[in-house]
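Here's the structure, in structure tokens; my notes come after.
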Amino acid sequence: MATAASQVILHPLVSQGLKYGSTTLGRDKLYRTVQYFARFFAWYLLNKGDKIDAARWSALKSHLGTARKCKPIEHLQAALRATLTTGPALEQILTIGRQLAYFGYLSYDTLIWANAIKFISLNPETAKRVGKTSNRLWFAGIVFNLVNGVLKTVRLKHEAKRLRAGKSRGEKDVGEETQRETRLSAIKSAQAATRRQFTIDILDVWLPATGSGIVNLSEGTLGIFGLITSILGMQAQWKAVNGK
């Protein structure tokens, strides 16, 4: 019995899970996954007429949403770092715009959180206006990232094509060939990361679009979209932490 327990407790997968859970981003991705599953499941139960269980899952969703509040200053720092990097000017501008939009979004979201825990008191009309502004800034940040993703995809495609063209001409320099293969490998990884982020953004954009009144998707649809992007985010963070 002790040997079996040791095999379970000391299993590499358990160790990897603990390592993943020890990171702030890892825990946030896990909480987000549960939050959006709860959002979908509450909608599903409510549509079945099970109001009591739906209320439980809705409360879980709200609690996790409150607990997950992030610090806006991190995005302000990221915007400043982006101004110091080199690269295509338009992509740099869009990156800065995204980070500033997220800074504004989370700043307003902090007011919503403070109101939810009764630290400050906003009248219902003001709280609604703050919530809509927060969602509009979130929406703007995602749109900036979507446009940036398109530009980056086109740039990487052209760069990969140029490198392959050099290879097809039969250039014999071993050093140049090694550098070309290394760069092509890096471009391939960057293309995969860009596609993944674009998929996340194209699904996530409907969350603030609905919150700001641009569209009106159901709680079930938003829950599914959020669940998918949360799982994709968890996978990326798991790979970053555990290397596979």
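The values are calculated or read from the model by the stated rules, or taken from the named source; none is laboratory data. Please read all numbers here as calculations on a predicted model, not as lab measurements. With ideal geometry, Cβ positions are generated from the backbone for all residues, glycine too; neighbour counts draw on all protein chains shown.
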Exercise. Please determine, by comparing only the residues of the range 92-112 that are among the polar types (S, T, N, Q) and closer than 24 Å to K152 by Cα, which one is surrounded by the most Cβ atoms within 10 Å (Cβ to Cβ).
Key: Q99
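Residue-wise test of (1) under 18 Å from Y102 (Cβ atoms); (2) modelled with pLDDT of 90 or more.
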site	(1), (2)
I142	yes, yes
N148	yes, yes
R169	no, no
A209	yes, yes
S212	yes, yes
G220	no, yes
Quiz item: Identify, please: which residue in the range 1-22 is outside any helix (DSSP H, G or I) and at pLDDT below 75 and is, among those, surrounded by the most Cβ atoms within 10 Å (Cβ to Cβ)?
Solution: H11
Quiz item: Are there any pairs with C-beta distances below 7 angstrom linking a residue in the range 89-114 that is touching a residue at least 40 places away in the same chain (Cβ under 8 Å) to a residue that is assigned to a helix (DSSP H, G or I) and among the basic types (K, R), with the two at least 6 apart or on different chains, and if so which?
Solution: E91/K152
Quiz item: When you go through L232, L222 one by one, which is the residue that is buried (at least 19 other Cβ atoms within 10 Å of the Cβ) and not hydroxyl-bearing (S, T, Y)?
Solution: L222
Exercise. Out of R81, R32, R27, report the one residue that is free of Cβ contacts under 8 Å to residues at least 24 places away in the same chain, surrounded by 14 or more Cβ atoms within 10 Å (Cβ to Cβ) and of a type in the set (K, R).
Key: R27
Quiz item: Restricting the search to the range 11-43, which residues are small (G, A, S) and within 14 Å of the chain's Cα centre (by Cα)?
Solution: G26
